[in-house]
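The values are calculated or read from the model by the stated rules, or taken from the named source; none is laboratory data. Computed from a predicted model, the values in this text were never measured in an experiment. Positions of Cβ are backbone-derived with ideal geometry, glycine not excepted, and every protein chain shown enters the neighbour counts. For accessibility, only protein heavy atoms count, side chains too; no ligands or nucleic acids. Shrake-Rupley method; radii C 1.70, N 1.55, O 1.52, S 1.80 Å.
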Amino acid sequence: MKKSSERAVLAVLALLLLPAAAFSQEKDKDKEKDAAKQTDYGYADFGVRFATGDVDGRPDLPFQPPLKTSKFNEYRDVRDGFYVRRLNLHFDNVRNSKDYLSLQSQSAIYRDQSYLGTFGSYGKFKLQFRFDEIPHTYSNTTRTLFAETTPGNWAFPALIRQTLQAPPPAGSSLQSVINTQVVPQSNFITPGILRRAGTLSLAYNLTRHWGVHAKFMRESQRGLRPIGLIMNSSPSASATSGFGVELPEPINYFNNWFSIGVDYGTRRWAAGLAYIGSYFQNNTKALTWDNPFRLTNETITNPLTGRMALYPDNHANYLNFAAGVDLTKYLRFTASITPGWLRQNDSFFPYTTNAAINTCGTGTQACNSLAVLPVTSLQGDTHTLAMNYTLVTSSWKNAELKANYRQYDYNDDTPVHTFTPVQGDAAAPGSADNTPFGFNRKNLELTGNWYFAKKSSVKLGYEAEWMDRSSRDAAHSLENSLFASVDWVPIRDLLFRLSYRHSDRNPDRYQDDQVADAVTGAEVVCGDTTDLTFTGDQRCHRRFDEAARLRNRADFLAQYSPSDKLTLSAFGGTLQDNYNRPGGTNSSVPLNFLTGAAATTSPYYLYGLLKDISYNYGFDADYALSTQVTVFAEYSHERYYKRMISRNRTPPAAAATLITACNGCDTPNNDWESAALEHVDIYSAGVDLYLGRKVYLTTYYSLAAGKANVDSRFLGDSSLTALVPGGFAPNQFLLVGTNAASNYPETVNRNHEVAVVFKYKLTERLTPKIEYHYQQWDNRDYQTSEMTPYMGCVSAPPPAASVLGCSNPILNSATSPAPLPGAASPFYPGFVVGDPSAARYLFLGVDQPSYHAHTLIATLEYRF
């Protein structure tokens, strides 16, 4: 198969080269010179393309995933056969006038195609049409027994539902039923979406000062993408505690965007007014599915079906006014004001599809209060206002000063309704009221530029950002920033660029500061150890977008060309966010349980994200060994680090409302730390060869290698496990067994590419090209690389003496009931799947396995 594809490529290439070679021999030099003098109208690059290879990242699968629907084609459409890579045509002075016409295309006739057509008259009008298409393939390992009966409705076979509902036969497990009935009958699907967007725009100059413009864009998205859903509470060890499925979510919606405006301009001032409208239309309103684990005996906790509302139709309307004026010769003022109105009023679905809850309208029975909605639709109403004002002066020869003020208001005027929390079809019960979130953001920026030498300047500035929020944890915050940058060219062909920014954000108060102790009545603040009551939210927990933060950012760039043969450049930068600051809205004292020499971590003063740090640096070099040979090399490194602190909190019994009467329910002794570290290295090197004036050969190799680790550990005293006299231990250590902090497996991502490109200029207009690309993508991700349709428990094959499919110290203890034996799945033989938990959840098996691919392209570039 592979050899035949390669022969086909060589045959097509020969057909491309032979006529061109004959044409070249017949063409004498004088005719070539005359052709070179003709007007160049553009070029077309077309030919054939073939790709072959294997998906080799999942040897455990019982099938071979195809290459053309894998990561190889995640955002493109590489197919075998005829291929129009690029087309670029331009015609000036059409019919001896100022009119012009141009046409551009890329990857024509395939699903990653793009077209741009323009017709206009210089200084008068421009009419433009653009069409773009891009695919997104999510997975080629997907299997499901669900079938879409109508758009958005997924049915599961009734006989299998009945079998899964019944207790497994003696000596078997739920996994054996999955292996023998669900997996063998599952269909293969390739979830993916296709985005298409068409844009038509017109700009017309009515007079020398007046102009009008209009634009219309229509974008569609269609296809399927994976989505996870739970029914009632999350699936767990109890056979009746919840159910879950992963389904293909149907995507079928349009977004229409329209704008029209008018402009007026003179030498001293200009103004414009425009209307912008966005209209979203979803043709599939809901996602409905069968519970695959139940067919009869529906109860409040055992629904037969589930439903989730999809994105509602909505529209947004904006008016934009913009103006600019030269107040004096050296002073200019610009302004932009944009109010907006956003609306959404799709009808609500009933609370649930569960007939045991939704009893409204069943005969003469009165409506269950859980079935009655307070309103039939949201009546969503939001207003926005964006303003931008800038004042610039250049009164001094080598200096410029600028003041900029920006403001954005987001006001949610949606009426607040009281809903009845119900065990949802696709989630746990939520809040009783809808929350009208809103915010106001104001920015003031002052900058000054000093041009102290040719191509050299210094920039200094200050920025303040005020945030006012409604229905959020921090109502007000202020962030002050100082920044500076330098561009310095001390000698010709040597450039240094350095920038630095320091920001300090402080909220004035956080929501948990306003909680009162139910026993003492005193106000509870972050870090207060005198609070006696158990509260629902974790105190001192901060959201990263609202918390106090210290930010430092620095970037560096150097470029040097000591000769025409050598060019060198280097860069580096860092972004460091520090949330772990004592005092203010954080705790003023460390929250660590361990102190002194026994402390195992640096002090922390909040819960949530503490540090977010990134570094990057690299270099590149180009060296011309001769006029015919140039070599190049590039390297870059990126590093990301995040540190988070959280607490394991166990709700107390109803009778134990005080922390002092609750075994470890709320203590820093059960704090744990999670640190995420990611490295990315990118290498590339190659050579360009110019052999004479007709032959060009380039080859290069690139490698992008990334790996990530997430390490977790507990921060308390693990010896405090015994109860104190009286039966309570406020600081009892609970991070054991399934609650223990453990490290995640390492994720690895490596992308290799080797390319060879050969071009030969036969004539002034004909240039055949041959390209070969080798790509290899190696990926290992614990989140997807071991996905099977049923994930009750997955592990490597156990030792011969072991009867367990998964190692679990709690389930394997002497006091635990004997777990069901694990068994190698005949459909996924690389893993042993056990069923010690009886969790009810069916997956699609979504993954993008590793692959390697060879691509051969033969094209002919013809210049018109």
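Numbers at a glance
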| quantity | calculated |
| --- | --- |
| Qualifying position, being among the polar types (S, T, N, Q), open to solvent by 50 Å² or more (accessible area, probe 1.4 Å) and farther than 30 Å from residue 178 by Cβ, among 718, 742, 712 | 718 |
| Condition met for residue 711 (out of contact with any helix residue (DSSP H, G or I) (no Cβ under 6 Å at 6 or more places or on another chain) and charged (D, E, K, R)) | yes |
| Any hit, region 651-670, residues being assigned to a strand (DSSP E or B) and in contact with a helix residue (DSSP H, G or I) (Cβ under 9 Å, 6 or more places away or on another chain) | no |
| Any chance residue 396 is closer than 30 Å to residue 464 by Cα and modelled with pLDDT of 90 or more | no |
| When residues of region 538-548 are limited to those that are open to solvent by less than 20 Å² (accessible area, probe 1.4 Å) and within 17 Å of residue 466 (Cα to Cα), the one nearest to the chain's Cα centre (by Cα) | 546 |
| Within region 54-83, tally of residues that are buried (at least 18 other Cβ atoms within 10 Å of the Cβ) and touching a residue at least 40 places away in the same chain (Cβ under 8 Å) | 13 |
| Single residue of 259, 234 found to be of a type in the set (Ser, Thr, Tyr) and without any contact (Cβ under 8 Å) to a residue 60 or more places away in the chain | 259 |
| Hits in region 144-194 (condition: assigned to a loop (DSSP other than H, G, I, E, B), of a type in the set (S, T, N, Q) and at pLDDT 90 or above) | 190 |
| Selection within region 555-585 - at pLDDT 95 or above and over 30 Å from residue 626 (Cβ atoms) | 555, 556, 572, 573, 574, 575, 576, 577, 578, 579, 580 |
| Some residue of region 29-46 being open to solvent by less than 30 Å² (accessible area, probe 1.4 Å), modelled with pLDDT of 90 or more and closer than 30 Å to residue 141 by Cβ | no |
| Selected residue [open to solvent by less than 60 Å² (accessible area, probe 1.4 Å), in a strand (DSSP E or B) and either closer than 23 Å to residue 482 by Cα or touching a residue at least 60 places away in the same chain (Cβ under 8 Å) (or both)] from 609, 594 | 609 |
| Filter pass, residue 473 being closer than 28 Å to residue 395 by Cβ and surrounded by 15 or more Cβ atoms within 10 Å (Cβ to Cβ) | no |
| Output for region 399-427, where each listed residue is at pLDDT below 90 and surrounded by 13 or more Cβ atoms within 10 Å (Cβ to Cβ) | 417, 419, 420, 422, 423, 424, 425, 426, 427 |
| Options 204, 279; residue that is closer than 28 Å to residue 351 by Cα and surrounded by fewer than 18 Cβ atoms within 10 Å (Cβ to Cβ) | 279 |
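Results for (1) of a type in the set (Gly, Ala, Ser); (2) at pLDDT below 95, shown as yes or no for each residue.
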| residue | (1), (2) |
| --- | --- |
| 644 | no, no |
| 647 | no, yes |
| 654 | yes, yes |
| 669 | no, yes |
| 672 | no, yes |
| 703 | no, no |
